[in-house]
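Here the structure is laid out as structure tokens; the discussion comes afterwards.
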Amino acid sequence: MIKRHAADVKMNVKMRCKKFLSFDYPQTAQQRLLDLAGYVSADVAMDRPGRGELFEKLEHRLIELLGKEAVIFMPSGRMAQMIALKLWCDRRGIPRIAVHPRSHIEQREQKVYQEIYNLKATWIGDYDRCNGLSDLLAMAEPVGAISLEVPLRPLGCVVPPWEELKAMSEWARSREIPFHADAARLWEIAPYYERTYAEIAALFDTLYVSFYKGLGGIAGSALAGPADLISQAGYFQHRLGGRLNKQFPMLIDALRGLETRLPLMPAFHQKATELAAAFAALPGVLVSPNPPHANAMIIALHGKQDDLIDAMIEVAEQTGLWLFDLPVNSPIQGLAMFEITIRQAGLDVSTEEAVTALSLLRDLLAAG
């Protein structure tokens, strides 16, 4: 294979593709703005900092969906989540959070809990599995809050079994330890659990949800929980510069996602389940988890990780199908790994098309 995976080459090939297995169809900035303009009524006013019709409509809808006392919109999920954990720890007087070693908080946020919020972290669970009740029982030091990432993305968006999750919630509450959910992908796991969003949210004292993942929004998040804590979170948001002058594009996109994309979550999950079964039947292809817990999975193929993007570009040029955006760091030499996430574009790809493209990718990697 020719080594050519510079960012501009990759993007040029991607934009020439007709189909996309992962995520959504690419859009230009103009297309997205026109879509938003077509969705919103002509008489809807722009927002003021933290106030206005769009805020009220979005937060009311989320209270209905999540069954929590209060909700606050924030432009960043990282901001929303860390504010909640800081407030819980302050209330208990214990500046320590419990997190999975592969959680977003630990792996992707450059120790923000320590550098900005003056918190420490205790790891719960093992590197290669999601959390369970035994991890809470094994905690050897007191914590101000427990943060559970559901689903845990680095392992292929996995979640604990429902009864296990309930047991964890009950254990935390019996000890008055706040139980928080990094539930950025809450919408995507409801079909697997066969529970409502409110039933899942009820297991947690607070949770953060995202609007730009499965819901396909521009950006933005929401923090849900008890009214007194959410009110206090608003002060922290203001102090951190999170109460922007105008946020109406994000608010409109979030409302649109809740209306038009939530009904598609079962289809996303079903498509991922069908593809995982078909992929796993191919020789030399490993799929995890199988069946998927959300709308995503990790694929592992024999070959060099350094060759993966070049091989994927070649598959795209031959088939017109873009398989994935995100390689996954492989801890095993000789295995190349990547993530597939099914959203709206993936629904338009047949299982046969996906299997053909993946088979070609496997063969290219094997040939080196």
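Data overview
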{"item": "Elements of type helices (runs of 4 or more DSSP H) in the stretch 264-368, at least 3 residues being surrounded by fewer than 22 Cβ atoms within 10 Å (Cβ to Cβ) and of a type in the set (Ser, Thr, Tyr)", "result": "351-367"}
{"item": "Among the residues listed as Phe324, Phe338, the single one being under 30 Å from Tyr127 (Cβ atoms), in contact with a strand residue (DSSP E or B) (Cβ under 6 Å, 6 or more places away or on another chain) and touching a residue at least 60 places away in the same chain (Cβ under 8 Å)", "result": "Phe324"}
{"item": "Selection count, the stretch 4-36, where residues are exposed (fewer than 11 other Cβ atoms within 10 Å of the Cβ) and of a type in the set (A, V, I, L, M)", "result": "4"}
{"item": "Lone qualifier among Arg78, Arg91 - being surrounded by fewer than 23 Cβ atoms within 10 Å (Cβ to Cβ), in contact (Cβ under 8 Å) with a residue 40 or more places away in the chain and under 28 Å from Glu199 (Cβ atoms)", "result": "Arg91"}
{"item": "Check on Gly220, at pLDDT 95 or above, touching a Pro at 6+ places or on another chain (Cβ under 8 Å) and more than 26 Å from Pro291 (Cα to Cα)", "result": "yes"}
{"item": "Positions within the stretch 75-104 being of a type outside the set (Lys, Arg), under 16 Å from Arg185 (Cα atoms) and in a helix (DSSP H, G or I), in sequence order", "result": "Gly77, Ala80, Gln81, His104"}
{"item": "From Leu148, Leu165, Leu136, residue being at negative phi, in the same structural domain as Met82 (by TED's automatic domain parsing) and either in a strand (DSSP E or B) or of a type in the set (Ser, Thr, Tyr) (or both)", "result": "Leu148"}
{"item": "Number of the condition not met by Leu34 [criteria: (1) modelled with pLDDT of 95 or more; (2) of a type in the set (A, V, I, L, M); (3) in a loop (DSSP other than H, G, I, E, B)]", "result": "(3)"}
{"item": "Single unsatisfied condition, Leu215 versus (1) touching a strand residue (DSSP E or B) at 6+ places or on another chain (Cβ under 8 Å); (2) buried (at least 24 other Cβ atoms within 10 Å of the Cβ)", "result": "(1)"}
{"item": "Residue list for the stretch 96-133, filter: basic (Lys, Arg) and either within 20 Å of Ile298 (Cβ to Cβ) or in contact with a strand residue (DSSP E or B) (Cβ under 8 Å, 6 or more places away or on another chain) (or both)", "result": "Arg96, Arg102, Arg108, Lys120, Arg129"}
{"item": "Test for Gly38: is it within 28 Å of Trp322 (Cβ to Cβ), under 19 Å from the mean Cα position of the chain (by Cα) and not assigned by TED's automatic domain parsing to the domain that holds Asp310", "result": "no"}
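Conditions tested, residue by residue: (1) free of Cβ contacts under 8 Å to residues at least 40 places away in the same chain; (2) on the phi > 0 side of the Ramachandran plot; (3) in contact with a strand residue (DSSP E or B) (Cβ under 9 Å, 6 or more places away or on another chain).
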position	(1), (2), (3)
Ser22	no, no, yes
Met46	no, no, no
Phe55	no, no, yes
Glu64	yes, no, no
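The values are calculated or read from the model by the stated rules, or taken from the named source; none is laboratory data. Values in this document were obtained by computation on a predicted structure and should not be read as measured data. In this analysis, Cβ positions are derived from the backbone assuming ideal geometry, glycine residues included, and neighbour counts consider all displayed protein chains.
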